[in-house]
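Each value in this text was obtained by applying a stated rule to the coordinates, not by laboratory testing. Since the model is a prediction, treat every value here as computed from it, not as a measurement. Quick reminder, even Gly has a Cβ in these numbers, built from the backbone with ideal geometry, and neighbours come from all protein chains shown.
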Amino acid sequence: MDNLEKHYEPNNLSDKIALGFTKFLRFLADTFFKKRYGHRAVVLETVAAVPGMVAGMIIHLRSLRKMQDDKGWIKTLLDEAENERMHLMTFINVAKPTWIERVIILMAQFIFIITYAIIYLISQRTAHRIVGYFEEEAVRSYTEYLHELETGKIEDEPAPEVAVNYWNLPLNSTLKDVVRVIRDDEAGHRDVNHQFADLINLRKKQKSNKKNQIKKEDQEKILN
Ligand SMILES: [Fe+2]
Ligand SMILES: [Fe+2]
């Protein structure tokens with residue numbers, strides 16, 4: 001349980017912006033979906049599968065331009081996007097979006113691709129931190145969903161076939177089991193994206209330390 005409830009405390013302005021942005025979107029989602037967890041999952045998973053693909057593409061193009069190794073980031077991010085798409089393929093068997101939700105999905109995809117790409121180009125660190133925080137919220141939402149299923153407020157049902165095949169689940173699995181494995185996936189994405197943001201932070205610090213060191217050496221040379 002410990003691993004599931006992990007929260008990354010914001011350390012700098014970039015983290016705070018990422019957390020604020022996430023909390024704002026969480027508020028919108030809570031207001032719109034309330035306790036309709038199946039519908040919430042369908043709509044939000046269509047958004048969740050975007051950042052990995054956008055980030056993967058941007059790093060891919062940068063790697064081509066700079067002729068520099070990506071250190072495995074592209075594959076990790078594309079795998080994340082694929083995994084999120086499988087969450088969607090699963091939940092579409094549980095809840096069918098209403099027409100208004102389909103309109104929201106269309107608009108959200110259009111807006112989110114552009115917004116996330118811009119954020120990524122301006123601050124890669126903030127962009128990964130945002131996904132880290134999104135995933136913290138996803139873990140929380142799936143815990144709430146699971147609670148509703150466990151207490152019988154939402155009726156449990158057999159796991160969709162696509163989920164049984166994708167996660168190699170026992171044939172008698174139910175929606176509860178599916179929500180558990182999906183929540184584990186979200187916790188994994190959360191950790192990866194927070195780590196990516198931390199690595200970028202570290203690189204920035206090392207760079208500025210190096211710059212200061214060179215400045216200091218130059219000053220000493222002048223003084224001597
Ligand atoms: Fe997901
Ligand atoms: Fe996710």
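Quick notes
- Largest GNM mean-square fluctuation among 174, 151, 143, using the chain with Cα springs under 10 Å: 151.
- In this simple spin-label approximation, residue 17 and residue 169 carry label points 7 Å from Cα along the Cα→Cβ vector, and these lie 3.9 nm apart.
- Each stretch of four or more DSSP H residues adds -39500 (n - 2.57); spread over every residue of the chain, this sum gives -27000 deg cm²/dmol at 222 nm.
- Two-site FRET efficiency, residue 34 against residue 118, from Cβ-Cβ distance with R₀ of 30 Å, rounded to 0.05: 0.45
- Along each principal axis, taking the top coordinate minus the bottom one, the Cα set of the range 13-195 gives 53, 35, 29 Å in descending order.
- Taking the chain as a Gaussian network of alpha-carbon nodes connected by springs under 10 Å, the highest mean-square fluctuation of the residues 179, 162, 47 belongs to 162.
- For the chain, the longest site-free run once trypsin sites (Lys or Arg not before Pro) in DSSP loop states with at most 14 other Cβ atoms within 10 Å are removed: 72-152
- Length gained when the stretch residue 110-residue 9 is fully extended (0.36 nm per residue, less Cα-Cα span): 33.3 nm
- Residues of type lysines that residue 71 reaches as a straight line, Cα spacing below 25 Å, ignoring anything fewer than 8 places off in the same chain: 204, 205, 207, 210, 211
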